[in-house]
Amino acid sequence: MSHLMNTYARQPVAFTHGEGAWLWDASGKRYLDALAGIAVNTLGHAHPRFTAALHTQISRLIHVSNVYQVHEQEQLADKLCALSGMDEVFLCNSGCEANEAAIKLARMYGHNKGIENPAIIVMEKAFHGRTLATLSATGNRKVQAGFEPLVKGFVRVPYDDLAAIRQVAEHNPDVVAVLVEPIQGEGGIRMLDIHYLEQLRQICDQHGWLLMLDEVQCGIGRTGKWFAFQHTGILPDVMTLAKGLGSGVPVGACLAAGKATGTFKPGNHGSTFGGNPLACTAALTTLNILDHDKLLDHATNLGNFLLNGFRERLGQVAGVTTIRGQGLMIGIELNKPCGELVQRALAQGLLINVTADNVIRLLPPLVFSQAEAQQLLDMLCPLVTGFLSQA
Ligand SMILES: Cc1ncc(COP(=O)(O)O)c(C=O)c1O
């Protein structure tokens, strides 16, 4: 019997090592990794320059404390702000913590404006994490059930629906912020209309609200830009990051700009591990390698190759509802639940994921090669057609 708490429905496989986009199990079987630890292993596995940088950092310093100056944090914050146009950064260890920071920041921003019960607009089918505040912000009853009472102060609207937001604006003077994923990950690779964020920016400005983007899954080059909002002309007030930022080393970040800047003062927020030298080196090295190896352009090109390939081979197949995505964040929606495809793919040596019951989710590492993308098409398309042709 396992002594681990029973929190995951795990696949029947354990990996011993990896290289690039490949993982091996103890029997020597090899698997093509089209999931990257759910958008985490940006640089794939055992990236030589990444592991060398971590070795050097580990042998020098892993952790000090945020009661001291941490130069690696300054460097990482400079780099993140230079890449994003944001002004300041709080460093933590995960996506839910980054979102907790954002939620706290929005509440404090509201209190500073004299709003006693600040509310944040959140979306249906959103996923923001599993702490009490972030599961309350999440738009999925399965994540919330059993953990009531939920944290108050969230107003839910449908995703990609500006009219719903305008309606809340008319009736709710307590709103201080909107929290939205530019592409919903767990919700099924669901995308916003290309003008949505620009119009939402205007609404937020009209009402003095913070525009807060959860880029935990879609950020760090995955969509072909450093951050998904950079496909538009806007700048958010708050952005959260984690997952791919440290290429597997836990690191999260909450960034602020404009009217959100300067909200936190010493003592308002903190984290023991947040932004330690090891985590910051992992993040800085990830960003430097993405930059140096031009992996954002690569994500765009390879994403287009994959989307075109899937559309050509699956677009007309009965039962395939939509094929959508941006860069290396791709969803194939079927007209029926398809969770069992994960195990069928695993048996053939392919790692994929199914989310929202009926959406095949692909999040390969940004070092995925053209040949590996071709292999992904060649392995996955017959699995999907075979699955759909069954009664
Ligand atoms: C958009 C988004 N936000 C937040 C989270 C939570 O991140 P973490 O599991 O690191 O707490 C996730 C995780 O899947 C996510 O996809």
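For residue 25 and residue 166, what is the calculated FRET efficiency with R₀ set at 35 Å and r taken between the beta-carbons, to the nearest 0.05? Walk me through the numbers on the way to the answer.
Details: r = 52 Å, r/R0 = 1.49.
Calculated transfer efficiency: 0.10.
For a quick check, take a GNM of the chain with Cα springs below 10 Å and name the residue from 178, 168, 89 with the largest mean-square fluctuation.
Top of the fluctuation ranking is 168.
Among 34, 53, 137, which one shows the highest mean-square fluctuation when the chain is modelled as a Gaussian network with alpha-carbon springs under 10 Å?
53
Whose amide H sits under 5 Å from the amide H of residue 45, counting only residues 5 or more places off or on another chain, with H placed in the peptide plane?
19, 20, 21, 22
Tell me which residues come under 5 Å, amide H to amide H, from residue 25 once H is placed; ignore anything under 5 positions away on its chain.
16
Which pairs in the list 152/336; 113/265; 125/152 are over 27 Å apart, alpha-carbon to alpha-carbon? Show your work: numbers first, answer last.
Working: 152/336 34 Å; 113/265 16 Å; 125/152 18 Å.
Check vs 27 Å cut-off fails for 152/336.
Step through the residues of the range 354-367 one at a time and calculate ³J(HN,Hα) from phi using the Karplus curve (6.51 cos²θ - 1.76 cosθ + 1.60, θ = phi - 60°), rounding each to whole Hz and writing x for Gly and Pro.
So the J values, rounded to whole Hz, are 10, 10, 6, 6, 10, 10, 6, 10, 10, 9, x, x, 6, 8.
Nearest 5 percent is fine: what portion of the DSSP beta bridges confined to the chain is antiparallel? Present the calculation step by step, with values, prior to reporting the outcome.
Numbers: 32 of 48 bridges.
Approximately 65 percent, going by the DSSP bridge assignments.
If each DSSP helix of 4+ residues adds -39,500 (n - 2.57) and the sum is divided by the residues in the chain, what number results at 222 nm, nearest 500 deg cm²/dmol?
Numbers: 12 runs with 145 residues, N = 391.
Computed mean residue ellipticity for the chain: -11500 deg cm²/dmol.
Working only with C-alpha atoms, what are the Rg and Dmax values of the chain, expressed in angstrom?
Computed over the Cα atoms of the chain, radius of gyration and Dmax are 20.8, 63 Å.
Let's test this: bin the Cα-Cα distances of the range 254-391 at 10 Å from zero up to the farthest pair and state each bin's percent.
10, 32, 24, 19, 12, 3, 0
With springs connecting C-alpha atoms under 10 Å apart, model the chain as a Gaussian network and identify which of 225, 259, 243 has the largest mean-square fluctuation.
Looking only at 225, 259, 243, the largest GNM fluctuation is found for 259.
Is the C-alpha gyration tensor of the range 15-137 telling us rounded, prolate or oblate? Criteria: a/c under 1.5 is rounded; beyond that, a/b larger than b/c is prolate, otherwise oblate.
Working: a/c = 2.73, a/b = 1.52, b/c = 1.79.
Judged from the Cα gyration tensor, the range 15-137 comes out oblate (a/c at least 1.5, b/c at or above a/b).
Report the calculated FRET efficiency for residue 67 and residue 151 (r = Cβ-Cβ distance, R0 = 30 Å), to the nearest 0.05.
0.55
When the Cα atoms of the range 148-218 are enclosed in a convex hull and the volume is divided per residue, what value in Å³ results? Let's see the in-between values first.
Details: hull volume 7.5 nm³, N = 71.
Taking only Cα atoms, the range 148-218 has a hull volume of 106 Å³ per residue.
Using the Karplus curve 6.51 cos²θ - 1.76 cosθ + 1.60 with θ = phi - 60°, what ³J(HN,Hα) values do you get for each residue of the range 300-315, in whole Hz, with x for Gly and Pro?
So the Karplus estimates, Gly and Pro as x, are 4, 5, 5, x, 5, 4, 5, 4, 4, x, 5, 5, 5, 8, 10, x Hz.
Per residue of the range 157-170, what does 6.51 cos²θ - 1.76 cosθ + 1.60 with θ = phi - 60° give for ³J(HN,Hα)? Whole Hz please, x for Gly and Pro, Karplus curve as stated.
Per-residue couplings from phi come out as 10, x, 5, 6, 9, 6, 4, 5, 5, 4, 5, 4, 4, 5 Hz.
For the range 69-205, what's the relative contact order in percent, using C-alpha pairs closer than 8 Å and at least 6 residues apart? Numbers along the way, then the final one.
Details: 168 pairs, mean separation 29.6, N = 137.
Once divided by the residue count of the range 69-205, the mean separation gives 22 percent.
Starting from the Cα-Cα distance between residue 111 and residue 371, subtract it from 0.36 nm times their residue separation and give me the gain in nm to one decimal. Please report the intermediate quantities before stating the final value.
On the way: separation 260, 0.36 × 260 = 93.60 nm, distance 5.37 nm.
So the extension gain works out to 88.2 nm.
Note down the net charge around residue 199, summing +1 for each Lys or Arg and -1 for each Asp or Glu among other residues with Cβ under 13 Å from its Cβ. Walk me through the intermediate numbers first.
Working: positive: 166, 201; negative: 160, 161, 193, 198, 205.
So the surrounding residues net to -3.
Quick note: the coordinates plus some simple rules give every number you see, no bench work behind them. Because the structure is predicted, anything quoted here is derived from the model rather than measured. No Cβ is skipped: glycine too gets one built from the backbone with ideal geometry, and neighbour counts run over all protein chains shown.
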